[in-house]
Structures are given as structure tokens and as C-alpha cells.
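The values are calculated or read from the model by the stated rules, or taken from the named source; none is laboratory data. Keep in mind the model is a prediction, meaning the values are calculated, not measured. Because the Cβ atoms are built from the backbone with ideal geometry, glycine has one as well, and the counts that use them run over all protein chains shown.
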Amino acid sequence: MEVGNLHKLEELDLSHNKLNGSIPKAIGGLLDLQYLNLEGNELHGLIIDEICEITKLAYLCLSRNKFSGGMPPCLANNTSLRDLYWDSNKLILEIPPSFWNLKDILRVNLSSNILVGNVSLRIGNLNALVLLDLSRNHISGFIPTTLGGLNNLQDLSLAHNNLQGNIPESFGNMLSLVKLNLSENNLSGKIPKSLELLIILKYVNLSYNKLQGEIPSGGVFKNLTPKTFMMNQALCGIILLRHKRQQNSWGLVKRDLSILGVRKRISHFEIQEATNGFDESNILGRGSYGSVFKGKLSSALIVAVKIFKFDSHVMLRSFEKECDILCNAHHHNLVKVISCCSNVDFKSLVTEFMPNGSLKKWLYSHNYFLGFLQRLNIMINVVTTLEYLHHALLTPIVHCDLKPSNILLDDELVAHVSDFGISELLGKEESKTNTETVPTIGYVAPEYGSFGVVSTKVDVYSYGIMLLEVFTRKRPTEDMFVEGLNLKSWVSESMPHAIIQVMDSNLLEGDQHHIKNILTSTTFVLELALNCCTNLPKACGNMIDVVVSLNKMKGMFLRRQAA
């Protein structure tokens, strides 16, 4: 509360901390405050009316908190306000009518809230506005024609709402417009030809609406692709005709990945709701691709939500590959896709949730333990999946990044292979290909790591390394592996008489008969693993042979155990 004593304070920036609680009412005493930034905290409660008392405030950012309730109507008293960022909160109700009196405001971002109601005709009062983002709310009704009178507006997003009716012809008057996003609404009618007049317009997204008729061909439309108009079933025009749809390697017409093989398309807002605003308490893991969150859909289904970060073209290709493969390959030991979201600025994959986490967790956490037969069953699950990917499809798939963290376990400890972000598809009559993607150190086949050559042998090699790891409980990157010593050579030098020195000692429990059976079976497994990860690709065999060998060994283990 004592913050109210800083009467001469002009700037207060407490952004990106872990502040919680509510805004103290004493903040209204900071009469000289011009800049207030509380972004990226855990603040909650109402946005208090006392903020309206800071009449010199020009910049007000409360983004990415947990504020609820409505927008205070008294905000119109802050006539000095130029920048208002209240996105990614839980604000509800309508935008108060008084808000549209802020005629000198420049930038407004209220996206990713739960705002309802209509966009007022009085929006035309905001003549100075250069940015307006109301996306990812529940705003309905028609787009007011007065919006087209905002001649200074450069960036407009009304995406992911429930807007209906036509796109106003008056939009052709917004001569400063550079970016326009009206995607994921219920807009109908024709695309106004007046948009051709916007000579500095660079980006347009009208996808997922009910637009119809001919797409304009002049102005910005000369450079747009069909993605801009995707999922508007009644559109036609030169843009669509000149776009040659190529057959992808599955023999399917290549379509936008947000609808490819997915049962139900999901919006960014639904994903945000499912993960409680991407709350850190729901984080399942992070990687170079982005982050994975645990989520709960409106149907009460628990899911895993993989959010891709898009700071490079490589990440975009990673999302496309993973969608393409998981939506078209069908095997009971592959992680199943439930839905995905693909927008220009946000891409995510929603998959079934695996309650027992990754194989890595079970190997290296002191709170978990896998017996010999459990480990063997998991590795049989993995190899049968790879057999399917390599040999059962017209277009073989090479995973390229097999490791324990990419093997997920369901509630019965059945393994499911995940993370196909750097996978490669081998075309017809193609036994190998080249790639520039970087796999995980320690699991890389020599021809892959040195020359970027990808074939099914790459997975055979990685599987062999993982098989060694699972039964020795030693990572291929352990500190002990230096000066020419590695996991392969360490195991190889112990074979066959010193196997007890390298295998996971946690497996050596039970009576003498049981331990002898485990030693015999582990020796077989490790010999098979070494054959898989030989440096000579032609000698490493294939997954069909490995499946047969492991199942045969499992049968022998069970018979000896029962004897």
C-alpha cells in the first residue's frame, strides 16, 4: 500500500516478476505517474477504479496476468492515455461505451480475454488509433462501418471471435493499414474490392469464415496465397486457379495442417483455456521446438498441448512434419493426435495425454522403477512401431530422433513413440535421403551425424543405443565416456562374461534362479543392441529382424521363469 507515497514517481515498471495479489488502491495517489507496466506477473482480482485517478498516465500495460471482471468505465477520464495493453487476462463483460471516448489513444490490445458484446459504432471516434487488437475474445455482432474511418490504423485484428455479416466496403478508406486479420469468425458475403486500394497493405488473413464470391485480384491480392482464404468454401478466383495443388508423398492433396486428418479443429482461445493460460504449473516439458503443457478440454478430456515457437523456418517445417506424420500414420504405439491449431502467429498440436510421462523419467528418477520384463515390453513396443514406420507404409518414415525422452508411457506402461519434428519421409524407390536437421548427440548414426544421410538404418542405430541405455541405465553422454570410451565400447568390452558390471544393478533382485535368467536375457539384449548400432550400416539389420529376435527372447525368458 505504501507505493501510494511515491507522489512524484513518473515511471513504474515491475513487469515479468512473480508478483501476486491485487493492485493496491493507494496506486491512485501516484498523480504524476505517466508509465505503468505490470506485465507478466500473477496479479488477479479486478482492475480497480483508482487507476482512473492517475490522469497523466500515458502507458498502461497489465498484460499476461489473471485480472478478471470488466473494464472500468471510468477509464475514459484518462485522456492522456496513449497505449493500453490488457491482453491475456480473464476480463469479461462488454467493452464499456465510455471507452470509445478516448479519441487520442494510439494503441489498444485487449486480445485473449473473454470479452463479449459488439464493437460499438462509436469506434470511429478513435481517430488517432494505429493498432487495435480485439482477437481471441467472444465478441459478436457486425463489424461497424465506422471502423473504416480510422485513417491512421496500421494493424487491425478481430480474429477468433463470433463476428458475422459482411466486411465493410469502408475498409478501403484505411489507407495506412499494413496488417488485417479477420480469421476464425462467421463473416459472410464478398471480399470488398475496395481493399485493392490499400497500397501499403502487406498481410491479410480471412481464413475460416463463410465468405463467398470472387477474390479480388489487384493490389495486395496479387501476392497472397490460398492460405489467406482457407476454409471459405464458396470463394473462387484467379488466386485459387493459379495455385497448383501438388500431391504430397501420402497420395493426398496437401492441405493446411490445421485440418489435416484431425477430428476437430481447435482455436487458440480453447487451448489457452485448456492450459489455464499456459500456466507454469501445467508445463510437461520444454525443448528446442517450444513447450508442452497439460490441458483439459471443455469435454473434460485431459490432453497434452505442444506449443511450437516460430523463430525460424526450421520450426515451421518441424510443425508441418509432425502434423503430417501423426495425422496419417496409424499404429497403436504412436501418440494419437486429437486436434491442432494452425494460425499465422500460433501453432500447436493437441495429443493424447500420457499419465506416466517419459521413459527417461522412469529410468533416471529415484521415485520410479522398471523391472526387466517392463523394460523389455517397452522396447518391444518401440521396435514394433519402427517396423511399421519403416516397412508397412508406401512411404517409409525415419524418426531420426529416437531417445528415452521421446518415448511416452500410458497408464499401463505401454510405450508410445512421439516427437516427429525432424523425421524424414523416403520417397518412392528411395532408400536414403539427405537432411540438414540436427539430431540429439549420443544417439546419432555416423552417416547421419557426419554427412546428413538419412535411411532407416539411422533409426536402427539409435534404437540400439537406446536399448543399451535402458538395460545399463547409463546415458550415452555420461561424463565417464571420454578419451575414446563410449557406451558401445564400454558394453562391448564386458561381453559376455562381465555383463554384471555394466547392466543396471537394480535389475538384480530376487532369488538366484531369477537373477540367472535376467543375466542370460540381458546378455542377449545387449548383444542385439550392439549389432543394431554397429558403425557399418549394411551390417546393422532391420526392424523386422529385431522384432522377431526380441519376441523370441521374451518367450524364452518367460519359459525359464516358469520352470
- [ ] Restrict the check to the range 90-98 and report whether at least one residue is in contact with a strand residue (DSSP E or B) (Cβ under 7 Å, 6 or more places away or on another chain), part of a strand (DSSP E or B), aliphatic (A, V, I, L, M) and surrounded by 19 or more Cβ atoms within 10 Å (Cβ to Cβ).
- [x] yes
Task: Complete set of residues in the range 25-51 that are part of a loop (DSSP other than H, G, I, E, B), within 23 Å of Asn113 (Cβ to Cβ) and more than 29 Å from the chain's Cα centre (by Cα) - done: Ile47, Ile48
Open item on the list: Contact list please: Cβ distance under 9 Å, first residue in the range 396-414 and without any contact (Cβ under 8 Å) to a residue 24 or more places away in the chain, second residue surrounded by fewer than 24 Cβ atoms within 10 Å (Cβ to Cβ), pairs at least six apart or on different chains.
Closed with: Glu412/Asn356
- [ ] Take Ser111 and decide whether it is modelled with pLDDT under 95, over 27 Å from the mean Cα position of the chain (by Cα) and closer than 24 Å to Phe67 by Cβ.
- [x] no
- [ ] Quick one: which residue in Leu131, Leu121 is buried (at least 16 other Cβ atoms within 10 Å of the Cβ) and touching a residue at least 12 places away in the same chain (Cβ under 8 Å)?
- [x] Leu131
Open item on the list: Within the range 288-304, take every residue that is assigned to a strand (DSSP E or B) and in contact (Cβ under 8 Å) with a residue 40 or more places away in the chain and give me the one that is surrounded by the fewest Cβ atoms within 10 Å (Cβ to Cβ).
Closed with: Ile302
Open item on the list: Here is a check on your reading of the model: is Ser88 touching a residue at least 40 places away in the same chain (Cβ under 8 Å) and assigned by TED's automatic domain parsing to the domain that holds Asn162?
Closed with: yes
Task: Residue among Leu62, Leu38, Leu30, Leu43 that alone is more than 25 Å from Asn276 (Cβ to Cβ) and surrounded by 17 or more Cβ atoms within 10 Å (Cβ to Cβ) - done: Leu30
Open item on the list: With assigned to a loop (DSSP other than H, G, I, E, B), out of contact with any Gly (no Cβ under 9 Å at 6 or more places or on another chain) and within 27 Å of Tyr85 (Cβ to Cβ) as the only criterion, which of Leu129, Leu201 stands out?
Closed with: Leu129
Task: Residue, modelled with the highest pLDDT, within the range 251-269, restricted to residues that are of a type in the set (D, E, K, R) and touching a strand residue (DSSP E or B) at 6+ places or on another chain (Cβ under 8 Å) - done: Arg265
- [ ] Test Ser318 against the criterion of being out of contact with any strand residue (DSSP E or B) (no Cβ under 6 Å at 6 or more places or on another chain), over 26 Å from Asn161 (Cα atoms) and at pLDDT 85 or above, and give yes or no.
- [x] no
Open item on the list: Considering only the range 219-230, I want to know if a residue exists there that is charged (D, E, K, R) and not assigned by TED's automatic domain parsing to the domain that holds Leu158.
Closed with: yes
Task: Count of residues meeting criterion [buried (at least 18 other Cβ atoms within 10 Å of the Cβ) and in a helix (DSSP H, G or I)] in the range 351-376 - done: 6
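Anything in the range 1-29 that is under 18 Å from Asn41 (Cβ atoms) and aliphatic (A, V, I, L, M)? List them, or say none.
Just the residues of the range 1-29 that are under 18 Å from Asn41 (Cβ atoms), to begin with: 1, 3, 11-27.
Correct list: Met1, Val3, Leu12, Leu14, Leu19, Ile23, Ala26, Ile27.
Being touching an Asp or Glu at 6+ places or on another chain (Cβ under 7 Å) and in a loop (DSSP other than H, G, I, E, B) narrows it down to one residue among His160, His138; which is it?
That would be His160, the only listed residue that is touching an Asp or Glu at 6+ places or on another chain (Cβ under 7 Å) and in a loop (DSSP other than H, G, I, E, B).
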Task: Residue list for the range 146-163, restricted to those being polar (S, T, N, Q) and either surrounded by 16 or more Cβ atoms within 10 Å (Cβ to Cβ) or at pLDDT 95 or above (or both) - done: Thr146, Gln154, Ser157, Asn161
